[in-house]
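The values are calculated or read from the model by the stated rules, or taken from the named source; none is laboratory data. Worth saying up front: this structure is predicted, and the values here are computed from it rather than measured. Note that each Cβ is placed from the backbone with ideal geometry, even for glycine, and that neighbours are counted across all protein chains shown.
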2 protein chains.
Amino acid sequence: MKTDIEIARSINLQEIKQVAKNANIPEDRIENYGRYIAKLPLDLINEEKVKKSNLILVTAITATKAGIGKTTVSIGLALGLQKIGKNAFVALREPSLGPCFGMKGGAAGGGYAQVLPMEKINLHFTGDFHAITSAHNMISALLDNYLYQNQSSGFGLKENLWRRVLDVNDRSLRNIVVGLGAKSNGITQEAGFDITAASEIMAILCLATDEKDLRRRIENILLGYTYDDKPFTVKDLGVAGAITVLLRDAIYPNLVQTTEGSPALVHGGPFANIAHGCNSIVATKMAMSFADYTITEAGFGADLGAEKFYDIKCRKSGLQPKLTVIVATAQGLKMHGGVALDKIKEPNLEGLYHGFANLDKHIRNLRSFGQTVVVAFNRFATDSDEEVDAIKKHCEELGVGFAINNAFTDGGEGAVELAKLVVDTIDKKPSEPLKFAYKEYDTIEEKVEKIATHIYGAKSVQYTNKARKMIKLINSMELSHYPVCIAKTQYSFSADPSAYGAADGFEFEISDFVINNGAEMIIAIAGSMMRMPGLPKSPQALRIDVVNGEIEGLS
Amino acid sequence: MKTDIEIARSINLQEIKQVAKNANIPEDRIENYGRYIAKLPLDLINEEKVKKSNLILVTAITATKAGIGKTTVSIGLALGLQKIGKNAFVALREPSLGPCFGMKGGAAGGGYAQVLPMEKINLHFTGDFHAITSAHNMISALLDNYLYQNQSSGFGLKENLWRRVLDVNDRSLRNIVVGLGAKSNGITQEAGFDITAASEIMAILCLATDEKDLRRRIENILLGYTYDDKPFTVKDLGVAGAITVLLRDAIYPNLVQTTEGSPALVHGGPFANIAHGCNSIVATKMAMSFADYTITEAGFGADLGAEKFYDIKCRKSGLQPKLTVIVATAQGLKMHGGVALDKIKEPNLEGLYHGFANLDKHIRNLRSFGQTVVVAFNRFATDSDEEVDAIKKHCEELGVGFAINNAFTDGGEGAVELAKLVVDTIDKKPSEPLKFAYKEYDTIEEKVEKIATHIYGAKSVQYTNKARKMIKLINSMELSHYPVCIAKTQYSFSADPSAYGAADGFEFEISDFVINNGAEMIIAIAGSMMRMPGLPKSPQALRIDVVNGEIEGLS
């Protein structure tokens, strides 16, 4: 089979205004970024239509290093729905340059279920992440300058809570000391960079409901505490307007097309491990304004992505998914069943059976939110018929719908079965209204503990002294009503990346909290989770190149 | 009079495809970035037409903090030329976000001589600077990762020469230590950030003649030396392809329009103090491919911008300007004449006469390159007729053409006199072929000394030990044939920002050299020049805002 990028290149792209026209988006309102990408103004969102559109969440079992294919299934499902005559729109997250050049690769789907132009989407795209990086680091520079210029008048922050960001995997920047050398080089202090996807500005962009809300949230960003224990925000720094200006275009969702020429929106942040990892509320609502069926995804396993999608994104926006599709692969299940990574492509029914524990726990969790769940089995060429039958039978026993997705190899045609299952399930048994994992006025500890014990399967939660200190601060600021966004490894239910399957009865440690007062959520850092990834020994950058004028090595 | 941004907003923009069409650029070849900006593919460059186009350089007397108005005159001259029926195209540099939010403000011209849409041009524009920032820091991350992953096998760099960059004024990042904390956070080492305009990638983008040359230069970037004294380049790191991919769109020049709807190109780097500070060769050649008169600018005073334009950009590209226009203001001349900054708006003939020394020295310098020079007097409302007459008379005595530019207030109509002078001078007495300030095979010291003594007026040049060590390295690598790019204050001929007028007979110190092996030039750092600016006490960011949906505070 051709590589993703070969397939992408083989497709005759339609001009984006034609894609818009086909989707009933007024073509004179779109703003082109090249021939095949456009931004859409927010006033195209139609709240009446949003109410009527069927929202479908695509999530997955716990991830393998290669991923489970959630984006591919999300796109495939949209293609399948179109094949059976439905008006469907997929709303995805933007890839980050860090993993593109590091280990994971791009995030524009795969095979014959991609969003295009994949090279642009995987690289700078419309510059949204760059705008976020700029806005974030502009705050850093303005804050450090304020401290530097006002030190003689005795102003200072007891604690500078604002780090910097870059859209690159650079472990060297996690912990740094800035302001060294001459006095004119600023105040010497500890600092550090996170990846742009973990920026509070990214979360704000994804959670803001409109431009006004964007501005309000930027004003509220907490930068630190003064010596007399007063919070110091971006509003206090006097630059909320300037930062809003930097995000003026970034807030508009990006329209692209699928491998079959249908519309797709790609907007907002990945990394459901270290961030809330959902695409933007405005993009989801934009898709819902033009489609009867809107498919969106949440990152990594359902413990991370789906939980945050419901408890943060849906809680804040009022969105109610009609259905949750969980993606499973035979390889992933076998890995969770204890089969060695170099053997998961070989048939192994016993390993597969053992791996069901992971799928089952995710399904129980999703149902606990009141969701109707169907399983999309993302088929690979190496899967045996016996394995597929075993999974199908298992789903029947659980009473969850099951369909095979072959969109990777066959495009929309390969997802017709899944599309029919989805339409039928939404008709007959749509999800109940969301039952969140925790209540708004639970304490921070109760929120963390409900997620950790009910969703992850932990026995109890421990907090480091640093985390306890932060809880006190959060309480004293009266911010404990914010949702909690747990930063945790994507490779396991627990904080231990090697705990495959369905970890159970483990101790769960929270090492720190980060207050996102603009995004209105509290990040809880589990264990030694880093918010700036590193590069592997052989990064993907070694394989990215231009050959005969064409980009190679993106996938 | 209206503010720049009010004027910008009052103009009815043409769709960029119409602007292209008017300029005979095939509209089906342009790639839109929004409605009013497009990128142009490099194969539109026509070398035959390049040879026939009249290239005009606009430079200036030594800068005041407010600038002399070089960009405004450049745009005004293009407008004036069009008014008298000539086919003219202006090719400018892209603004940097750092000064936009810091002290200097934007860089898209002013009044009725602007390039539009000025908000976009001054903010993220087409993302070129972001692509450069990404590419630069991707190399940093990949290099530090290589060192980290291979330390156990004994590989290491004796000296890591590669810093990081951000497009922000952030003094705290000048000198930092990275890789602190756990061992998994990388190798602890000294590091630092420059502003993106000072990135070697920026210089490469501006000096590359095509995509192939871009790739070759990226391969050649020198990152450091191994323990056995071997150079270690981006090619050795194995990521030249990946870095080229990140710059794939950035190398294409950006088409915008002037306040009178005529075409303008804006592409490549500002900061002629800390970089070579010229727009890209490909943009200049693109403009020349479609215009009989091509106007381009070089940053800050002629000692910096024009010298680098001739000795680096023209030497490398073979471009030969037919004329150099030097911009002068009465306020600037009075400042150089010793008038206090708060008094330069008041008539002061004596101060003005004293200030002529600065203009005269620049004119002598420009003539030493074989250039025919005319003076464009950028008139301000506060200038008295007597002052204007005095300057005119002085120019007559020097035998240089003189014209008043009123484009700021009157657009093209205000630059007709200047346009006629320019056309007439090129007809009657075009510049001679360029006589460079130094020869390719002069030693590094000879190059620095020729610029410092002949152009700046220094008595002699001192080198720090660090600089001497670098000279040895440059010689041992056989790189002394590269042009020298001196990083020096823009406020004076010397390295002392307070030495107004025409400094003379001073000691000039070079504190360090930076090898740009990909850009094929050697940066010589004069005195304590920083390549990462800081923010002032009251940064422009405080005044940038969105008011009633419109951006305020950009100029």
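So here's what we get for this one:
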read-out: Failed item in (1) in a loop (DSSP other than H, G, I, E, B); (2) out of contact with any His (no Cβ under 7 Å at 6 or more places or on another chain); (3) under 22 Å from B:Lys313 (Cβ atoms), with B:Glu446 passing the rest; value: (1)
read-out: Residue list for the range B:40-64, filter: farther than 26 Å from B:Ala302 by Cβ and among the aliphatic types (A, V, I, L, M); value: B:Leu40, B:Leu42, B:Leu44, B:Ile45
read-out: Scan of the range B:487-508 for residues that are under 19 Å from B:Gln462 (Cβ atoms) and surrounded by 19 or more Cβ atoms within 10 Å (Cβ to Cβ), ordered by number; value: B:Ala487, B:Lys488, B:Thr489, B:Ser492, B:Phe493, B:Ser494, B:Ala495, B:Ala503, B:Phe508
read-out: Residue that is farther than 17 Å from A:Ala302 by Cβ and touching an Asp or Glu at 6+ places or on another chain (Cβ under 9 Å), where the choices are A:Ala415, A:Ala390, A:Ala403; value: A:Ala403
read-out: Single residue of the range B:528-555 satisfying the filter (small (Gly, Ala, Ser) and at pLDDT below 90) that is surrounded by the fewest Cβ atoms within 10 Å (Cβ to Cβ); value: B:Gly549
read-out: Which listed residue, of A:Ser498, A:Ser492, A:Ser555, is hydroxyl-bearing (Ser, Thr, Tyr) and within 14 Å of chain B (Cβ to nearest Cβ); value: A:Ser555
read-out: Unique match (being within 20 Å of the chain's Cα centre (by Cα) and assigned by TED's automatic domain parsing to the domain that holds B:Val282) among B:Gln331, B:Gln320; value: B:Gln320
read-out: Whichever residue in the range B:227-286 is acidic (Asp, Glu) and away from every other protein chain (no Cβ under 14 Å) and, among such residues, is surrounded by the most Cβ atoms within 10 Å (Cβ to Cβ); value: B:Glu260
read-out: In the range B:102-117, residue farthest from the other protein chains (Cβ to nearest Cβ) [restricted to those that are within 18 Å of the chain's Cα centre (by Cα) and among the hydrophobic types (A, V, I, L, M, F, W, C)]; value: B:Val115
read-out: Of the criteria (1) over 24 Å from B:Gln82 (Cβ atoms); (2) free of Cβ contacts under 8 Å to residues at least 60 places away in the same chain; (3) surrounded by fewer than 19 Cβ atoms within 10 Å (Cβ to Cβ); (4) in the same structural domain as B:Val73 (by TED's automatic domain parsing), which one B:Phe356 fails; value: (3)
read-out: Flag for A:His124 being assigned to a loop (DSSP other than H, G, I, E, B), crowded, with 21+ Cβ neighbours inside 10 Å and free of Cβ contacts under 8 Å to residues at least 40 places away in the same chain; value: yes
read-out: Test: B:Lys285 is modelled with pLDDT under 95 and assigned to a helix (DSSP H, G or I); value: no
read-out: Any hit, the range A:436-445, residues being over 23 Å from the mean Cα position of the chain (by Cα), surrounded by 15 or more Cβ atoms within 10 Å (Cβ to Cβ) and acidic (Asp, Glu); value: yes
read-out: Residue match in the range B:82-90 (condition: of a type outside the set (Lys, Arg), part of a helix (DSSP H, G or I) and modelled with pLDDT of 90 or more); value: yes
read-out: Subset tally (residues that are hydroxyl-bearing (Ser, Thr, Tyr) and touching a residue at least 60 places away in the same chain (Cβ under 8 Å)) for the range A:484-532; value: 4
read-out: Residues satisfying the stated conditions in the range B:1-14, i.e. loosely packed, with under 15 Cβ neighbours inside 10 Å and either part of a helix (DSSP H, G or I) or within 24 Å of the chain's Cα centre (by Cα) (or both); value: B:Glu6, B:Ser10
read-out: Residue within the range B:541-549 that is within 30 Å of B:Thr244 (Cβ to Cβ), part of a loop (DSSP other than H, G, I, E, B) and of a type outside the set (S, T, N, Q) present; value: no
read-out: B:Lys17, sole failed condition from (1) among the charged types (D, E, K, R); (2) closer than 28 Å to B:Asn273 by Cα; (3) more than 20 Å from the chain's Cα centre (by Cα); value: (2)
read-out: Exclusive hit being more than 13 Å from chain B (Cβ to nearest Cβ), closer than 13 Å to A:Gly518 by Cα and not charged (D, E, K, R), set A:Ala197, A:Ala203; value: A:Ala203
read-out: Lone unmet requirement of (1) touching a residue at least 12 places away in the same chain (Cβ under 8 Å); (2) part of a loop (DSSP other than H, G, I, E, B) for A:Gly76; value: (2)
read-out: Residue selected from the range B:206-222 under the condition outside any helix (DSSP H, G or I) and within 16 Å of B:Ser317 (Cα to Cα), by the criterion farthest from the other protein chains (Cβ to nearest Cβ); value: B:Thr209
read-out: So A:Arg531, is it over 17 Å from A:Asn122 (Cα atoms) and within 14 Å of chain B (Cβ to nearest Cβ); value: yes
read-out: Candidate set from the range B:374-400 (those that are among the hydrophobic types (A, V, I, L, M, F, W, C) and part of a helix (DSSP H, G or I)); member that is surrounded by the most Cβ atoms within 10 Å (Cβ to Cβ); value: B:Ile391
read-out: In the range A:84-93, the residues that are farther than 18 Å from A:Gln14 by Cβ and surrounded by fewer than 24 Cβ atoms within 10 Å (Cβ to Cβ); value: A:Ile84, A:Gly85, A:Lys86
read-out: Tally of residues being more than 21 Å from A:Cys100 (Cβ to Cβ) and either in a helix (DSSP H, G or I) or at the interface with chain B (Cβ under 7 Å from one of its Cβ atoms) (or both) across the range A:135-177; value: 20
read-out: Test: residue in the range A:33-46 that is small (Gly, Ala, Ser) and within 14 Å of another protein chain (Cβ to nearest Cβ); value: yes
read-out: Residue within the range A:40-54 that is modelled with pLDDT under 95 and surrounded by fewer than 17 Cβ atoms within 10 Å (Cβ to Cβ) present; value: no
read-out: Filter pass, A:Gly181 being crowded, with 22+ Cβ neighbours inside 10 Å, facing chain B (nearest Cβ under 8 Å) and farther than 30 Å from A:Asn279 by Cβ; value: no
read-out: Residue check for A:Lys285: within 22 Å of A:Asn517 (Cα to Cα) and basic (Lys, Arg); value: no
read-out: Number of the exception - B:Asn160 against (1) under 24 Å from B:Ile195 (Cα atoms); (2) surrounded by fewer than 21 Cβ atoms within 10 Å (Cβ to Cβ); (3) free of Cβ contacts under 8 Å to residues at least 60 places away in the same chain; value: (3)
